Amino acid sequence: MKRPLALFLASLALLVLHGCAFVTVPLAPRPSPLKEQVLEGEGAKKILLLDISGTISEKEKPGGLVGADRPSTVSLIREALQKAEKDDRIAGVILRIDSPGGSVTASDIIHHDITEFKKRRRIPVHACIMGVGASGGYYAAAAADRIIAHPTAITGSIGVILMKFNLAGLLGKLGIEEQAVKSGDKKDFFSLFRRATPEEEKLAQEIINQLHSRFLDVVMQRPGNRLSRDELARLADGRIYTAGQALQARLVDGTGYLDDVISAMRKQIKDEQARVVSYYRPGSYLGSIYDGREAKSSLVGMLGATSEFSGGSFMYLWQP
């Protein structure tokens, strides 16, 4: 009896090794297309509530040990806009923003995608800044026709930051020495393993100045802008503003609650009962206009940005 059993096990092993009987069982479900959920209203027209929350990045968000990675902010916004573009009943979009910003490129892509969406669909897009809409969060909001800030919101922080850790002292105490063989003396520009040279700081400042100038261009071009370039430059020193201060400085077009923004949008699209809808992945649920799957607390969002700037990334980010 032992011999047939041994032969069977050997044959099974050969089949597995040759891939004939190899079965993979995914630990996490594959992502499904976005679905629509009605949050409130019964009208014929729809208003899409679109979240821009947490740290803005092009990188996928890790899903944990067994969960699938979640799409990046850039990917999610693009997917949502593409879905909305195909739905003729979408008559307006509200960007619900709660973000301290993020990478320069991710913020710029989102602003670009919203701007191009507006050109193609020719429907109103309003931004509602909730807890935080700073730096890259404000950069994205600048694509909207109107920016309304929640009365307790923090916004502004118009500027660019490049940060890195200098590990030279710590590694020296541990007896660890970094050695780089490079084709030129700038190849390890802004390395974590040594202090930046004055020349490197100058080069970095030149890049930052250009990216800062682009930020100003974006704000100057926003539909509701009433500032001159000089007035904006004086406001754009990186400081944050309360909603009231931002309104007085003309960085936002008004203050109010999300309900107020929805009401104004309904009047603009001439449907007082327009449905407020959101997109979601199957398996998640939204119960009201204040629910948010992707939203994180501002503190968590800013802590999450640590991995972004620690490698020497240029950021449109409020980082206290």
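Scan region 47-74 and report the pairs whose first residue is on the phi > 0 side of the Ramachandran plot and whose second residue is surrounded by 23 or more Cβ atoms within 10 Å (Cβ to Cβ) and modelled with pLDDT under 75, with Cβ atoms within less than 8 Å and a gap of 6+ or a chain change.
Final answer for the pair search is 54/301.
Is at least one residue of region 135-142 over 22 Å from residue 226 (Cα atoms) and either under 13 Å from the mean Cα position of the chain (by Cα) or at pLDDT below 95 (or both)?
no
Scan region 168-187 and give yes if some residue there is small (Gly, Ala, Ser), out of contact with any Lys or Arg (no Cβ under 9 Å at 6 or more places or on another chain), at pLDDT 95 or above and not in a helix (DSSP H, G or I), otherwise no.
Scanning region 168-187 turns up no residue that is small (Gly, Ala, Ser), out of contact with any Lys or Arg (no Cβ under 9 Å at 6 or more places or on another chain), at pLDDT 95 or above and not in a helix (DSSP H, G or I).
Take region 111-138 and flag every residue that is over 19 Å from residue 219 (Cβ atoms) and part of a strand (DSSP E or B).
130, 131 - these are the residues of region 111-138 that are over 19 Å from residue 219 (Cβ atoms) and part of a strand (DSSP E or B).
Let me spell it out: the conditions are (1) out of contact with any Pro (no Cβ under 8 Å at 6 or more places or on another chain); (2) over 16 Å from residue 96 (Cβ atoms), and residue 278 meets all of them except one. Which number is the exception?
(2)
In region 231-243, is there at least one residue being within 22 Å of the chain's Cα centre (by Cα) and among the basic types (Lys, Arg)?
Taking every residue of region 231-243 in turn, at least one turns out to be within 22 Å of the chain's Cα centre (by Cα) and among the basic types (Lys, Arg).
The values are calculated or read from the model by the stated rules, or taken from the named source; none is laboratory data. Because the structure is a prediction, the values reported are computed rather than measured. Neighbour counts are summed over all protein chains in view; Cβ atoms, including those assigned to glycine, are modelled from backbone coordinates with ideal geometry.
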